[in-house]
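A.B. asks: Following this message is one structure expressed as structure tokens.
The values are calculated or read from the model by the stated rules, or taken from the named source; none is laboratory data. Note that this is a predicted model, so its numbers are computed, not measured. Cβ coordinates were reconstructed from backbone atoms using ideal geometry, including for glycine residues, and neighbour counts include every protein chain displayed.
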Amino acid sequence: MGIPVKAIIEVRNLDLSYDDYMVMRNLNFTVNKGETFIIMGGSGCGKSTLLKVLIGLKEPEKGQVFYNGEDFWAADYSRQQEMMRGFGVLYQSGALWSSLTVGENVALPLQLYSSLNASQIRDLVELKLSLVSLDGCADLYPVELSGGMRKRAGLARALALDPDIIFFDEPSAGLDPMSAKMLDDLIIQLREDLGSTIVVVTHELASIFAVGNNAIFLDDQSKTMIASGNPKDLLDNSKDPKVIQFLTRGRR
Amino acid sequence: MPLEKLTFNYSQGDNTLSVKFNGAWQIFTKIPPVSEATSQFSVHPDIKIIILDTTELSAWDSSLVVFLYKLIKECQGRNIEVRYNNPPEGMEKIIALTLTRTDIKIPPKTAVTDTFLEKVGEGFIGMGQGLFILLDFLGEIVQAFGRLIMGKAYFRKDEFMLLLQRCGVNALGLVSLISLLVGVILAFVGAMQLKLFGAQIYIADIVGIAMVRVMGAVMTGILMSGRTGASFAAELGIMQTNEEIDALKTLGVDPVEFLVIPRILALVIMMPLLTLYANLMGMLGGFVISVSMLNLNPVEYINHTQAAVKMSNLWVGLAHSIVFGIIIAISGCLRGIRCERSASGVGEATTSAVVTAITAIVIATAVITFICQVLGV
């Protein structure tokens, strides 16, 4: 299809709607392997809807999403499910299964899809939990954790199957600056140490500049993508007043 | 006599109305309506300038701002110039802020329809959609069951055991109490009529047949709708709200297979057992009342019960209970999994699960009774 090998996600002519209300038209962008890709824009611009389409939870109105050259929404259900196993998703709330302990949460994907035995799974769960600095928390239930710890536990679960792409939905929402910084550092570490491809939906400026090396900016008024590129370059070179206003918090 | 809050002074020469604000203008004090000031416009139709004199104002808050906002708006409409005399610090700024409105574009809502025919039409469309959602869900359940039978579905045994406990053992207390009392009520109601003929011993037949054939299953069904059906809906609804179901989907796990199938199975296994137990408790209730208060012979009572209650009655009762189990689990899980993502959504899902289940139970009972009648069971 002529898609460069480097592109892990390619979005073509995507239209998004929310409750029968058109939120975004004609989105086109590419996420390359190993980069941290930021989807930014004001509240209500359709960032979360776009994320839902990318992770396979919501069918787009129109357009295609290619993963490694394969059209996700044209694939049949079982193939879609297989492809989804290659994603790790950290939800805004963490979305840990509340009836399971933290360890069981991380273990479940492995029990479902790996051929490891119970003790190997246990070791792997410990490894994933220590990766997010939650050593010794395996036997706690999600309600016993703080907001920041829940997100880190959610990240450990997202990493369980060593996914090709990790999606983050508003990772720093509702976190204190220290916890948010810690999560940003984790994202950087994931990219640098594991070479993961990361897609982050956020409007947190600190995160955008700290972790992002490619970004798109969605505008709710024109219902389209109005800028793309490295966030720092956008800050220095963009001529679009909306982008400048967003990236400088309206100070310029 | 407290000082008037508003006093007006009109000067004919320069067409100026001075509005003087006195005392405290606060939310917790009584303030005059705006019409008191705007009525001056009709008294003096040639006003050009209005002076808002707040020299005598002792205290103010938002209530004064709202009053002035309305008054100024009225003045702007009539091209009357507004001047302040000695305004308290900050008041002018707040009023200026309220006068500059930023309108937020809200997507247009679909027109509200209220003619009778439209309502009827919408009701039918809604019913059709509801039926479609139900059929869709049933289809998913059948597919997931297929995978379970083929051994391709993921099934958590520990979780299933816990569900069995929640649906069965934990409900025993409630089922005991209600069934026992239903037996007692049946015995009393029967006794009132049968006493007229001196045939009280037939209470044993009434209680036995009624409990085993239908009442045991129906009462257990209604109890379990309120208890377990509601809890399924709330549990899955909260999982939906917390994105836990999304997290399953992105893991490539079918939520129906993972969450719904074990719940249906647990309830279908436990409902007949609970019904058997309810039958026994109901008959016990009838027995205790008949022997202790209606002076029937215990041995005769037991013999009558044994003679009256046929195995066919028991099978009919158990068939009811299995159908009810499926109804309760499906309505609870369907409402929960399709729940709107909000606190009120979870509440609605729970209510709807119980109402749907109880309605469906009553309809199913009528249908099964009719079928039994036709078949002569």
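A.B. asks: Can you tell me which residue among B:ILE72, B:ILE104, B:ILE95 is at pLDDT 90 or above and either more than 14 Å from every other protein chain (Cβ to nearest Cβ) or more than 30 Å from B:MET224 (Cβ to Cβ) (or both)? Don't jump to the end; show me each part of the working.
C.D. replies: Numbers: B:ILE104 fails: at pLDDT 90 or above; B:ILE95 fails: at pLDDT 90 or above.
When all the criteria are applied, what remains is B:ILE72.
A.B. asks: In this structure, does A:ALA138 turn out to be touching a Gly at 6+ places or on another chain (Cβ under 8 Å), within 21 Å of A:LEU183 (Cα to Cα), buried (at least 17 other Cβ atoms within 10 Å of the Cβ) and of a type in the set (A, V, I, L, M, F, W, C)? Steps first, please.
C.D. replies: Working: touching a Gly at 6+ places or on another chain (Cβ under 8 Å): yes; within 21 Å of A:LEU183 (Cα to Cα): yes; buried (at least 17 other Cβ atoms within 10 Å of the Cβ): yes; of a type in the set (A, V, I, L, M, F, W, C): yes.
Yes; evaluated as a whole, the condition is true for this residue.
A.B. asks: If you go through region B:260-267 one residue at a time, do you hit one that is under 24 Å from the mean Cα position of the chain (by Cα) and within 14 Å of another protein chain (Cβ to nearest Cβ)? Before you say what the answer is, go through the steps one by one.
C.D. replies: Keep residues of region B:260-267 that are under 24 Å from the mean Cα position of the chain (by Cα), which gives B:260, B:263-264, B:267.
Remaining after also requiring within 14 Å of another protein chain (Cβ to nearest Cβ): B:263.
Yes, there is a match, as at least one residue in region B:260-267 is under 24 Å from the mean Cα position of the chain (by Cα) and within 14 Å of another protein chain (Cβ to nearest Cβ).
A.B. asks: Evaluate region A:15-25: report whether one residue or more is in contact with a strand residue (DSSP E or B) (Cβ under 9 Å, 6 or more places away or on another chain), modelled with pLDDT of 90 or more and among the hydrophobic types (A, V, I, L, M, F, W, C).
C.D. replies: no
A.B. asks: When you go through A:SER119, A:SER133, A:SER115, A:SER172 one by one, which is the residue that is away from chain B (no Cβ under 13 Å), of a type in the set (Gly, Ala, Ser) and closer than 18 Å to A:ILE198 by Cβ?
C.D. replies: Numbers: A:SER119 fails: closer than 18 Å to A:ILE198 by Cβ; A:SER133 fails: closer than 18 Å to A:ILE198 by Cβ; A:SER115 fails: closer than 18 Å to A:ILE198 by Cβ.
From the options A:SER119, A:SER133, A:SER115, A:SER172, the qualifying one is A:SER172.
A.B. asks: Here are some residues: B:ASN303, B:ASN295. Which one is in a loop (DSSP other than H, G, I, E, B) and either of a type in the set (Val, Ile, Thr) or more than 22 Å from B:ILE358 (Cα to Cα) (or both)?
C.D. replies: Working: B:ASN303 fails: in a loop (DSSP other than H, G, I, E, B).
Of B:ASN303, B:ASN295, the one residue that is in a loop (DSSP other than H, G, I, E, B) and either of a type in the set (Val, Ile, Thr) or more than 22 Å from B:ILE358 (Cα to Cα) (or both) is B:ASN295.
A.B. asks: With B:ALA144, B:ALA171, B:ALA153 as the choices, which residue is surrounded by 10 or more Cβ atoms within 10 Å (Cβ to Cβ), within 19 Å of B:ALA266 (Cβ to Cβ) and either within 25 Å of the chain's Cα centre (by Cα) or not assigned by TED's automatic domain parsing to the domain that holds B:LYS249 (or both)?
C.D. replies: Working: B:ALA144 fails: either within 25 Å of the chain's Cα centre (by Cα) or not assigned by TED's automatic domain parsing to the domain that holds B:LYS249 (or both); B:ALA153 fails: either within 25 Å of the chain's Cα centre (by Cα) or not assigned by TED's automatic domain parsing to the domain that holds B:LYS249 (or both).
That would be B:ALA171, the only listed residue that is surrounded by 10 or more Cβ atoms within 10 Å (Cβ to Cβ), within 19 Å of B:ALA266 (Cβ to Cβ) and either within 25 Å of the chain's Cα centre (by Cα) or not assigned by TED's automatic domain parsing to the domain that holds B:LYS249 (or both).
A.B. asks: Go through region B:286-314 and give me each residue that's under 15 Å from B:GLY190 (Cβ atoms) and surrounded by fewer than 13 Cβ atoms within 10 Å (Cβ to Cβ).
C.D. replies: Selection gives B:MET293, B:ASN295.
A.B. asks: Answer yes or no as to whether B:LEU274 is of a type in the set (A, V, I, L, M, F, W, C), closer than 30 Å to B:LEU194 by Cβ and touching a helix residue (DSSP H, G or I) at 6+ places or on another chain (Cβ under 8 Å). If you could, list the steps in order and put the result at the bottom.
C.D. replies: Values: of a type in the set (A, V, I, L, M, F, W, C): yes; closer than 30 Å to B:LEU194 by Cβ: yes; touching a helix residue (DSSP H, G or I) at 6+ places or on another chain (Cβ under 8 Å): yes.
Judged against the criteria, B:LEU274 is a match.
A.B. asks: I need the full set of residues from region A:141-161 which are away from chain B (no Cβ under 14 Å) and crowded, with 18+ Cβ neighbours inside 10 Å, in order please.
C.D. replies: Residues of region A:141-161 that are away from chain B (no Cβ under 14 Å), as a first pass: A:144, A:146, A:148-149, A:152.
If the condition is that a residue be away from chain B (no Cβ under 14 Å) and crowded, with 18+ Cβ neighbours inside 10 Å, then A:GLY148, A:MET149, A:ARG152 are the ones that fit.
A.B. asks: Still on this model: If you go through region B:347-367 one residue at a time, do you hit one that is more than 30 Å from B:ILE245 (Cα to Cα) and not aliphatic (A, V, I, L, M)? Quick ask: steps written out before the conclusion?
C.D. replies: So in region B:347-367, the residues more than 30 Å from B:ILE245 (Cα to Cα) come out as B:362-367.
Narrowing the set further to residues that are not aliphatic (A, V, I, L, M) leaves B:365.
Among the residues of region B:347-367, at least one is more than 30 Å from B:ILE245 (Cα to Cα) and not aliphatic (A, V, I, L, M), which makes the answer yes.
A.B. asks: Name the residue that is nearest to B:LYS152 (Cα to Cα), counting only residues in region A:69-91 that are part of a loop (DSSP other than H, G, I, E, B) and within 7 Å of chain B (Cβ to nearest Cβ). Don't jump to the end; show me each part of the working.
C.D. replies: Going residue by residue through region A:69-91, those that are part of a loop (DSSP other than H, G, I, E, B) are A:69, A:72-76, A:85-86, A:91.
Filter again for within 7 Å of chain B (Cβ to nearest Cβ), leaving A:85, A:91.
Numbers: A:ARG85: 17, A:TYR91: 28 Å.
Among those residues, the one meeting the criterion is A:ARG85.
A.B. asks: Here's another thing I want to ask about it. Quick test of your reading of the structure: A:GLN189 fulfils all but one of (1) within 23 Å of B:ASP254 (Cβ to Cβ); (2) out of contact with any helix residue (DSSP H, G or I) (no Cβ under 8 Å at 6 or more places or on another chain); (3) of a type in the set (S, T, N, Q). Name the failing condition by number.
C.D. replies: (1)
Listed here are the residues, each with its yes/no results for (1) crowded, with 23+ Cβ neighbours inside 10 Å; (2) within 30 Å of B:THR369 (Cα to Cα); (3) within 14 Å of chain A (Cβ to nearest Cβ).
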{"residue": "B:VAL207", "(1), (2), (3)": "yes, yes, no"}
{"residue": "B:VAL212", "(1), (2), (3)": "yes, yes, no"}
{"residue": "B:GLY226", "(1), (2), (3)": "no, yes, no"}
{"residue": "B:ALA234", "(1), (2), (3)": "no, no, yes"}
{"residue": "B:GLN240", "(1), (2), (3)": "no, no, yes"}
{"residue": "B:TYR277", "(1), (2), (3)": "no, yes, no"}
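A.B. asks: Okay, next question. Among (1) more than 17 Å from B:GLY332 (Cα to Cα); (2) at pLDDT 95 or above, which single condition is B:LEU296 missing?
C.D. replies: That leaves (2) as the condition not met.
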